[in-house]
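In what follows, a structure is listed as structure tokens, so that the remarks can point back to it.
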Amino acid sequence: MNIADSLRKFNEMRQKDNSSLDQLKANELDLFTKIYQEWKGPDQHRMGTYKAIPRFYYKLPSEDETLLQKLREESRAVFLQRRSKELLDNEELQGLWFLLDKHHTPPLVGDEQMINYADFLKVGDKAGIKCRPFFTATVFAKLLQNDPYGRISIMQFFNYVMRKVWLHQTRIGLSLYDVAGQGYLKESDLENYILELIPTLPQLDCLEKSFYSFYVCTAVRKFFFFLDPLRTGRVKIQDILACSFLDDLLELRDEELPKEVQESNWFSAPSALRVYGQYLNLDKDHNGMLSKEELSRYGTGTLTAVFLDRVFQECLTYDGEMDYKTYLDFVLALENRKEPQALQYLFRILDVQNRGYLNVFALNYFFRSIQEQMRAHGQEPVSFIDVKDEIFDMVKPADPLKIALLDLINSGQGDTVVSILIDLNGFWTYENREVLVAEAPDEAEI
């Protein structure tokens, strides 16, 4: 019986049926259910049963389920191995370049070879199944710019392919250290990854093996400081790939990396040795930890006592002293004051009342220490009211009486505000900014 016949039969039944309204509704529902099931087919799940919901949660095996854990590890290893084989190797990449070079579409743009969509598809047909995901209209459109012939640059396309292959290779490599198999790395996982990566980075050949543990700690802290601001103890592999830190780390493969680039790279040997050397120099009693007095000599030695008190109140310490890992967070925050994660770290310290915002009381609480330092150096203290008004003018908070973390970040002046409140040198730089700009050499004269 088809649907039309069923409906006709129902209308006839409805006219003859003298039952109650409830019975009529029940009949309607039964007929609708029958028609719907006939339309969906016999292989579909029955309506009204939880079995129609696909399973979306799989409980991880517990520690005592050794066999299940081993099975899961082996299956993940096989999966990652299969995905690795699907990637282009060096020989296949070289073959792709030869095909692109052979089928480029004239004329040249300077020395740059271009290719139109028709030739692009021809190369895709000849390049093999592994290259097929790259030869799509979407990829071509992404790389299309202002060429009058509607072509894309062969070099740009090849770099795009190289970047994609590298990202997939790196993701697979990181996933091998993902013990939980949930798409994130704990500190111990990332430490193992970087430790095994060190021998492959020529720029780190100068490091003594006894320093490896300190280097790994230094490198891992940057990932976790910026990618795990909520201190959950884990970072997503996807976030690691999306940020530039891994690029900076793998940049150390370049044997001829310029000295100035090394000095600005947190992961380089000179940078790691600098940070650790500063820590050792501050540790006057050589107990491997920093007291408040020892930390007070950090940088130019102009951080206020009130700020340092708050650091030791809010940060993890051991018997009132700071270890190297906590020190690294401190350094990363002060050296990157413009970054949201650094401002979040510093805001937590400035929020002395733990209210989620800075009010006049909090600003005055910290600025009084700046005034005390100015007196100690024989300078006339600046009025707090003037500084308070300047801070609120710079930040322009949503609430005229409260400065929230988001206000600091959105203002673009968060680093300046923090420096004014915690560091005499930072306040002096702000106070004399016009003089410093006037004394700066004119770039046109250099």
For this session: Determine which single condition K402 fails, assuming it passes every other condition in (1) open to solvent by 60 Å² or more (accessible area, probe 1.4 Å); (2) without any contact (Cβ under 8 Å) to a residue 12 or more places away in the chain.
Result: (2)
Exercise. Looking at L303, L282, which is the one that is in contact with a strand residue (DSSP E or B) (Cβ under 6 Å, 6 or more places away or on another chain), farther than 17 Å from L350 by Cα, open to solvent by less than 20 Å² (accessible area, probe 1.4 Å) and not polar (S, T, N, Q)?
Worked result: L282
For this session: Look through region 189-230, keep the residues that are in contact with a helix residue (DSSP H, G or I) (Cβ under 8 Å, 6 or more places away or on another chain) and not in a helix (DSSP H, G or I), and return whichever of them is surrounded by the most Cβ atoms within 10 Å (Cβ to Cβ).
Result: L201
Seminar exercise, completed: Checked F361, F367 against criteria (open to solvent by 40 Å² or more (accessible area, probe 1.4 Å) and part of a helix (DSSP H, G or I)); the one match is F361
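Can you find a residue that is part of a helix (DSSP H, G or I) and at pLDDT 95 or above anywhere in region 374-383? Quick ask: steps written out before the conclusion?
Pass one, region 374-383, residues part of a helix (DSSP H, G or I): 374-376.
Checking the rest, the ones that are also at pLDDT 95 or above come to none.
No, because not a single residue in region 374-383 is part of a helix (DSSP H, G or I) and at pLDDT 95 or above.
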Seminar exercise, completed: Every listed condition ((1) free of Cβ contacts under 8 Å to residues at least 12 places away in the same chain; (2) in a strand (DSSP E or B)) holds for V261 save (2)
Exercise. Name the pairs: first residue in region 195-207 and more than 15 Å from T218 (Cα to Cα), second residue among the polar types (S, T, N, Q), Cβ to Cβ under 9 Å, at least 6 apart or on different chains?
Worked result: Q203/Q262; Q203/N265; Q203/S268
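Conditions tested, residue by residue: (1) touching a residue at least 40 places away in the same chain (Cβ under 8 Å); (2) within 14 Å of V418 (Cβ to Cβ); (3) open to solvent by less than 70 Å² (accessible area, probe 1.4 Å).
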| position | (1), (2), (3) |
| --- | --- |
| F307 | yes, yes, yes |
| L316 | no, no, no |
| D351 | no, yes, yes |
| E380 | no, no, no |
| F384 | no, no, yes |
Seminar exercise, completed: Picked from region 32-70 (must be at pLDDT 75 or above and of a type in the set (A, V, I, L, M)), the residue farthest from V179 (Cα to Cα) is L67
For this session: Could you please let me know if K396 is open to solvent by less than 70 Å² (accessible area, probe 1.4 Å) and charged (D, E, K, R)?
Result: no
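Name the residue that is surrounded by the most Cβ atoms within 10 Å (Cβ to Cβ), counting only residues in region 139-153 that are part of a helix (DSSP H, G or I) and out of contact with any Ser or Thr (no Cβ under 9 Å at 6 or more places or on another chain).
We begin by selecting, within region 139-153, every residue part of a helix (DSSP H, G or I); these are 139-143.
This time we only want the ones that are out of contact with any Ser or Thr (no Cβ under 9 Å at 6 or more places or on another chain), so: 139-142.
Values: V139: 18, F140: 20, A141: 10, K142: 12.
Among those that are part of a helix (DSSP H, G or I) and out of contact with any Ser or Thr (no Cβ under 9 Å at 6 or more places or on another chain), it is F140.
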Problem set entry | Sole exception among (1) at pLDDT 95 or above; (2) in contact with an Asp or Glu (Cβ under 9 Å, 6 or more places away or on another chain); (3) within 21 Å of Q203 (Cβ to Cβ) for V261, by number | (1)
Problem set entry | Answer residue from region 231-255, given it is surrounded by fewer than 18 Cβ atoms within 10 Å (Cβ to Cβ) and in contact with a Gly (Cβ under 8 Å, 6 or more places away or on another chain) and is farthest from C315 (Cα to Cα) among those | Q238
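The values are calculated or read from the model by the stated rules, or taken from the named source; none is laboratory data. This structure is a prediction, so every number in the text was calculated from the model and none was measured. No Cβ is skipped: glycine too gets one built from the backbone with ideal geometry, and neighbour counts run over all protein chains shown. Remember, those area values only see protein heavy atoms, side chains included, never the ligands or the DNA or RNA. Shrake-Rupley method; radii C 1.70, N 1.55, O 1.52, S 1.80 Å.
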